[in-house]
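Bear in mind these aren't lab numbers, they're just calculated from the coordinates by the rules spelled out. Just so it is clear, the structure is predicted and the values come from calculations on it, not from any experiment. No Cβ is skipped: glycine too gets one built from the backbone with ideal geometry, and neighbour counts run over all protein chains shown.
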Amino acid sequence: MAAHRCSFSAVLFALWGLSLLTVARGQEATLEGNDRTAVVDNPESVAGAAEQAAGQPAAEDRRWEATAVEEVSPTEAGGGSDSPAPKPAASPPSVPRPKDDFQEELVIRPLHSGDIYTSFQFRTLWETDFTRENKVSHYRLFPKSLGQVISKFSVRELHISFTQGYWRTMQWGQPYLPSPPGAELWVWFQDSLTDVDGTWKELTNVLSGIFCASLNFIDSTNTVQPSASFKPLGIGNVTDHRFLRYATLPREIVCTENLTPWKKLLPCGSKAGLAVLLKSEKLFHSSFHSQAVHIRPVCKDDQCKTTSWELRQTLNVVFDLHNSGQGKNEWSLFKMFSRTLTEACPVASSSKIYIDITDNSQGEQFELSPATPLLSQAVVLGDRRTFSVYDLTQQITFGTMRSLNLLIRGKSSQGDMLRPLLHAERYVAGYGLQTGEIHTLMYNNHPYRSFPVLLLDSVPWYLRLYIHTLTVTSKGKDNKPSYIHYQPSKDRVRPHLLEMLVQLPPNSVTEVTLQFERALLKWTEYTPDPNHGFYVGSSVISSLVPSIVAMDTNNSRERPLFSSFFPSKEESSYFVRVYTEPLLVNLPTPDFSMPYNVICLTCTVVAVGYGSLYNLLTRSFQIEEPSPGLAKRIANIIRKMRGVPPL
Amino acid sequence: YVRGIFKNLHGWFINCLRYLFCCFQDRAGQFFSSGHTNNWAVLVCTSRFWFNYRHVANTLSVYRSVKRLGIPDSHIVLMLADDMACNHRNPKPATVFSHKNMELNVYGDDVEVDYRGYEVTVENFLRILTGRLPPSTPRSKRLLSDDRSNILIYLTGHGGNGFLKFQDSEEISNVELADAFEQMWQKRRYNELLFIIDTCQGASMYERFYSPNLMALASSQVGEDSLSHQPDLAIGVHLMDRYTFYLLEFLEDIHPASKTNMNDLFKVCPKSQCVSTPGHRTDLFLRDPGSVLITDFFGSVRKVELTMETINLTDPIEQLESAESGELQKEMHTYADQLPVSEIIHQKPKQKDWHPPDGFILGLWTLILLVFFQTYGVKHLKHIF
């Protein structure tokens, strides 16, 4: 009996070993060209990519990426259901994981317009507690400067972005990570904090030092506490908006001095890994540049019993076809970044390049070289996308040349506009320097679904909003918002805050109009270049847009970084945030040389008018004897000596 | 060999200096003569707008030189009044060139600008000098110098007789500047101070100085204009001013161990090159300019004092990383709903301040009216109204 049990356990052990081996082989599938097990393991993904089924023979040597393999369970595959599996099929044996972890990732998406969108994501996870009594003192991958900020200012969540240029949704579609032009900062503080405003002020000062930016211009006049927008992105249920602060600086410039400290936060700096591509001369020679830092607590594992801190550094760039690409739809890493890749960051646990090939299953849009056999699928922005994956931790990726220079050769570029499901625009109407009207247009391009949007507007105090003129119309009819939160401004103290929850009817344009009056500033309050105008930050539109495929509601699962930023709660819709254009408004500006002119004029009037009058009144006039000539004087001297009276 | 040591100075300079002390005692004596232990630089461009590109390039070329000679970014306060590098008119973004044909990019790939745009004001400049900044100001935006610091202050912009314009909207006068330096001296914020200004009538800015240990240079005399050096047709503006251009050429030849002294600096840009007459003032300075090395101000050749006292380092550093706390949180964490529609709609309106109920107020008024009519009656109303 004992022997029987022994043999049984031996069989079990062997099975376990075999499963391990299969997983390992699945992961190594790229290396072995004719290993078909990975495809056999993965029937569901093939079914999921049914539209590509015709392309399968051509892509015979393609393999699905290891994570995608794990995602699929065979039972689901039989049902043919599209929803992803709730649990990974095979979980690796538990090995003591290091407490911190670093991943890097680059996503490249060739855009319809011929431009190219590149998105870097660097994630550092650290299982530590910044809030406990004794200070965290030993830092490995997590940057110390930010760790100290978290513990000193009781930060629960911090999101900061610096953006130059405006994301053109109509041409480029939705970005993986939205951000408004200029600088944006929003912070959730721990609910144990008492003096939130004072801490916020100090925090902005410190961040301005860390990121070399003018964040110290954030004060009470441009800070708001949104009541419904900007819910925490990390875990935690506290959503009392007293601990939330949100501010934007639409005028903020973004340049090398902001990129330098941002790169210094990475564990490898810009010395190795994907970060070697970050050369400022190329990154800023682009249509859109956005860099961000997001800190939040996330689940450590599936059970989500413990938390770890996530630092996510993202950098999004859109290279222009005509500006950076010289009009040729042919892109390479070298052309975009003037560098090629030679290695992954040595401390990174994963280092990958994803190239979006969803529209390119047959190679009809562009050619990709070197070809990669590794494929991956991810649900991102409500759509299932297919990616070619280059794993930089594998030496084979770099080939014989020991360097990777991806080449994307576009076949055609149609510059036709996209129809994203949700997009928005905003402008100022009216003439003159006294009043005006802000128009916000929100487009729902879904053919039959309506969805809710939450509009947040923060307008500086010097535009005095007439809230009674607020109208919301869609399809020519009044569309009553189901929630309005309006906080009026106080001069020189706080801005207007307007939040509205509006239901956008299907296939419609919803227009929000609001009139305002321009205030007169004190003359020291004007900027040195008031003729340039004054900026009003972007409106923020948060929305739950109906998704085409089911969203993954298990937010603690391992996914590619670009698809795991916004946690999703329901399968039928995905969360998206859209920013409108910032506004540039002219304020009535006085003639700044007027005091000088007045002084000049007054002085002249005083000098000429009053001066001469005063002169006339105070001077005593005397008739002066003309002095005698020389001959007469000599004659007089002689006459004096003679003793006769002078002439 | 000495030069080699200096190159490595930044990383392990203590070891090097010990070595120096063993082998080159006599050299070391000369080495420590200047009496400072740290170097700071405040580099200011006060001009806004694209056509003042050259002023930003001036400041950045000095920044490049001091950084190359070893002053770290943490000891440089760089103030640029406008963004030229990423200006929309710049044909090559993220660059600022000092030489024609885009030869030398002084902006570099690791610049750290501490004050930029609207932050560059007279108030901020004087506050940095005198150290009177708000308590939460980060260290990178402060001049944390002491009485052993050598400070280089470089200003460029548009000026006139006795003033320098900031941002085209305000100005600092030479008297204010002289008083700020006196305050710095009284607060023991510097050991020696080198002041360089490249602006029209620059010499007028240092003529009111009265604090000790100041040396000052200017690009032009009172009544003279400072001129720009060369335009670049691709960028479309003048790239640098003449004085700073030749100063940069001069500094490019300096290395951390060079023995060039201040007298050589005074010879930079003679009238044949500058068109204006550069001026300098050394009467407040106690040392002979011939014995002051350029690297005393432009570099960070740091001096170290050795102590003979024994310091006990055996005290074990307390291990702060305590063992994992046993009780882990057992409840499951969840992510917050990003757009909780129903929750938002049913959100309670903000708590108002307490207000007496409407019925109470109504009752009060009724009471008042009742008492009124009880007392006077209706017929007396005409007497009241």
For this session: Tell me the label-point distance for the pair B:E170, B:L284, using the 7 Å Cα-to-Cβ offset, in nm and rounded to one decimal.
Result: 2.2 nm
Exercise. With respect to the cross-link table entries A:K152/A:K522; A:K263/B:K100; A:K144/B:K67, which display a Cα-Cα separation exceeding 27 Å?
Worked result: A:K152/A:K522; A:K263/B:K100
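Using a Förster distance of 35 Å, how high is the FRET efficiency between A:M417 and A:R339, based on the Cβ-Cβ distance and rounded to 0.05? Before the final figure, lay out each step's value.
Working: r = 33 Å, r/R0 = 0.95.
According to the calculation, E is roughly 0.60.
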Problem set entry | Contact order relative to length of segment A:100-410, as percent, for alpha carbon pairs under 8 angstrom and 6 or more apart | 23 percent
Problem set entry | Derived scalar couplings ³J(HN,Hα) [segment A:389-394; Karplus, 6.51 cos²θ - 1.76 cosθ + 1.60; whole Hz; x for Gly, Pro] | 10, 10, 9, 6, 7, 8
Exercise. Relative contact order of segment B:38-298: what whole-number percent is it, with Cα pairs under 8 angstrom and at least 6 residues apart?
Worked result: 21 percent
Problem set entry | Rounded to 5, the percent of DSSP beta bridges in segment B:38-298 classed as antiparallel | 30 percent
For this session: Return the distance in nm (one decimal) between the two label points of a simple spin-label model at A:T524 and A:S482, each offset 7 Å from Cα along Cα→Cβ.
Result: 5.0 nm
Exercise. Which whole-number percent gives the relative contact order of segment A:522-640, counting Cα pairs below 8 Å spaced six or more residues apart?
Worked result: 29 percent
Seminar exercise, completed: Computed ³J(HN,Hα) along segment A:234-240: with the Karplus parameters 6.51/-1.76/1.60, θ = phi - 60°, integer Hz and x for glycine or proline, the list is x, 7, x, 9, 6, 10, 6
For this session: Provide the gained length on full extension for the span A:A371 to A:T589, in nm with one decimal, where the gain is 0.36 nm per separating residue minus the Cα-Cα distance.
Result: 72.5 nm
Seminar exercise, completed: Computed D for segment B:38-298, Stokes-Einstein, Kirkwood radius over alpha-carbon pairs, 4 °C, 1.567 mPa s, to the nearest µm² per second, is 72 µm²/s
Exercise. What is the extension gain from A:V644 to A:E511, computed as 0.36 nm multiplied by their sequence separation minus the C-alpha to C-alpha distance, in nm to one decimal?
Worked result: 36.7 nm
For this session: Tell me which residues come under 5 Å, amide H to amide H, from B:F166 once H is placed; ignore anything under 5 positions away on its chain.
Result: B:E171, B:I172
For this session: Taking the Cα centre of segment A:225-321 as origin, work out the dipole magnitude from +1 charges on Lys and Arg Cβ and -1 charges on Asp and Glu Cβ, in debye rounded to 20.
Result: 200 debye
For this session: At most 13 other Cβ atoms within 10 Å and a DSSP loop assignment: could you name the trypsin sites (Lys or Arg not before Pro) in segment A:152-213 that fit?
Result: none
Seminar exercise, completed: Convex hull around the C-alpha positions of segment A:422-585: the volume in Å³ per residue is 148 Å³
For this session: Just subtract the alpha-carbon distance of A:T400 and A:A631 from 0.36 nm times their residue separation and send over the number in nm, one decimal.
Result: 71.7 nm
Problem set entry | Förster-model FRET efficiency, 51 Å R0, A:S332 and A:L616, C-beta, rounded to 0.05 | 0.05
Problem set entry | Calculated FRET value between B:H355 and A:E437, using beta carbons and R₀ = 51 Å, to 0.05 | 0.90
Exercise. Amide H neighbours of B:G279 under 5 Å, counting only residues 5+ apart in sequence or on other chains, H built in-plane at 1.01 Å?
Worked result: B:A218, B:S219, B:S220
Problem set entry | Rh (Kirkwood; distinct C-alpha pairs) - segment A:100-410, Å | 20.5 Å
For this session: Find how many whole Å separate the alpha carbon centroid of segment B:86-107 from the alpha carbon centroid of segment A:582-635.
Result: 50 Å
